[in-house]
Amino acid sequence: MAMSLCTTSVGLIFTILLSLTPFVPRAEAAPRAFFVFGDSLVDSGNNNYLATTARADAPPYGIDHPSHRATGRFSNGYNIPDLISQRIGSEPTLPYLSPELNGQKLLVGANFASAGIGILNDTGIQFVNIIRAPMQLDYFEQYQQRVSTLIGAQKTRQLVNNALVLVTLGGNDFVNNYYLVPLSARSRQYSLQDYVPFIISEYRKLLLRLYDLGARRVLVTGTGPLGCVPAELAQHSRNGECAPELQRAASLFNPQLDDMLIGLNKELGSHVFVGVNTRKMHNDFMTNPGAYGFVTSKIACCGQGPYNGIGLCTLLSNVCPNRDAYAFWDAFHPSEKASRLIVDQIMKGTTEYMKPMNLSTILALDSNQL
């Protein structure tokens, strides 16, 4: 009885204190805008509107999406940008080329990514009509002009400055350029040791332009373990071993990307660019798939040929019955479940995964500054 009275008294005091505390609206009540740039890992359907073979607009893509339709995402369901949108309390960003992206929907942000592109303009030339990285930034500039007519120039700058940005580039510059064919133009022009600094320097120019266009919180992903995807295993592996040349490329690219981002932040005097160690994120569940509920991290769920790694996923492909048991959905792209694991690390990973801070820390810091 005494314990009950004590609890009641404490509760009454707490209630009175709350009534005396002025109400402060939560800064996160209005979700921040979100912008996405990059390749097929983050394309949410821009290529559906282009005359290109680099598209995912037919089943069984989208088999696990709420619509159960192919949406242009290279996934069985949601992709990484979708899952980040969910975690920051926002609607999924629409593809910039979507006719639905107008009016108030513009304020949510936009996805400018296009499957097949790289840091370099000659990456993905076999796909012909894709939105190369400089054009994605041109569209971002155009987007801001469109929003300015809606809410004015000052509010548009504020929206962009406060936005979260995701950039995913680099993998195709190896897979669909340097190593696309034996003795490719780029491999004749550069040794791998010289090619990596070259594309890093070009990447730096793109990121600086993004900063000049107003981006102030930018997540920049590295490449995953390029030589271990089912497409490369199908071409180069006899016993499931990863392709050594592509692994070497990733091992050179990712540390130099980290160094470049650190240098940029020092130059700008702020933690604008955040390095996302997607190689380590992938390696965790690829080296020990069972610990994450996967039956395999080598065989794609959907495809054909060895490791289901030949070509894209089509209606004629083998399709696994349980997509959550596979780390890869198709020859190159993670399953929705694998993407969820990656986004978990983006949200709360240590500096081993996220440098200099994870997204939860960024959201907390930024909400205190609003």
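The values are calculated or read from the model by the stated rules, or taken from the named source; none is laboratory data. Here the structure is a predicted model, which is why all the values come from computation and not from measurement. We place every Cβ from the backbone using ideal geometry, glycine too, and count neighbours over all the protein chains shown. For accessibility, only protein heavy atoms count, side chains too; no ligands or nucleic acids. Shrake-Rupley method; radii C 1.70, N 1.55, O 1.52, S 1.80 Å.
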Return the residues of region 230-244 that are among the hydrophobic types (A, V, I, L, M, F, W, C) and either closer than 17 Å to G311 by Cα or without any contact (Cβ under 8 Å) to a residue 12 or more places away in the chain (or both); say none if nothing qualifies. A231, L233, A234
Within region 132-172, considering residues that are crowded, with 18+ Cβ neighbours inside 10 Å and without any contact (Cβ under 8 Å) to a residue 24 or more places away in the chain, the one nearest to T53 (Cα to Cα): R132
So which residues in region 172-190 are in contact with a helix residue (DSSP H, G or I) (Cβ under 8 Å, 6 or more places away or on another chain), assigned to a helix (DSSP H, G or I) and aliphatic (A, V, I, L, M), if there are any at all? V175
Under 7 Å between Cβ atoms, at least 6 apart or on separate chains: pull out the pairs that start in region 173-197 with a residue that is without any contact (Cβ under 8 Å) to a residue 12 or more places away in the chain and surrounded by 14 or more Cβ atoms within 10 Å (Cβ to Cβ) and end on any residue that is in a helix (DSSP H, G or I) and among the polar types (S, T, N, Q). S184/N177
Give me a count of the residues in region 302-317 that are touching a residue at least 40 places away in the same chain (Cβ under 8 Å) and part of a loop (DSSP other than H, G, I, E, B). 7
Based on this model, can you work out whether A331 counts as buried (at least 16 other Cβ atoms within 10 Å of the Cβ), of a type in the set (A, V, I, L, M) and either more than 25 Å from H68 (Cα to Cα) or in contact with a His (Cβ under 8 Å, 6 or more places away or on another chain) (or both)? no
Considering only region 86-131, how many residues are buried (at least 24 other Cβ atoms within 10 Å of the Cβ), closer than 21 Å to Q144 by Cβ and polar (S, T, N, Q)? 3
Restricted to region 318-350, and to residues that are free of Cβ contacts under 8 Å to residues at least 60 places away in the same chain and part of a strand (DSSP E or B), which residue is nearest to V220 (Cα to Cα)? Y326
Does V24 meet the test of being in a loop (DSSP other than H, G, I, E, B) and either surrounded by fewer than 23 Cβ atoms within 10 Å (Cβ to Cβ) or modelled with pLDDT of 50 or more (or both)? yes
Does S44 count as open to solvent by 40 Å² or more (accessible area, probe 1.4 Å) and among the polar types (S, T, N, Q)? no
All but one of (1) part of a loop (DSSP other than H, G, I, E, B); (2) open to solvent by less than 10 Å² (accessible area, probe 1.4 Å); (3) touching a helix residue (DSSP H, G or I) at 6+ places or on another chain (Cβ under 7 Å) hold for G62; state the number of the condition that does not hold. (3)
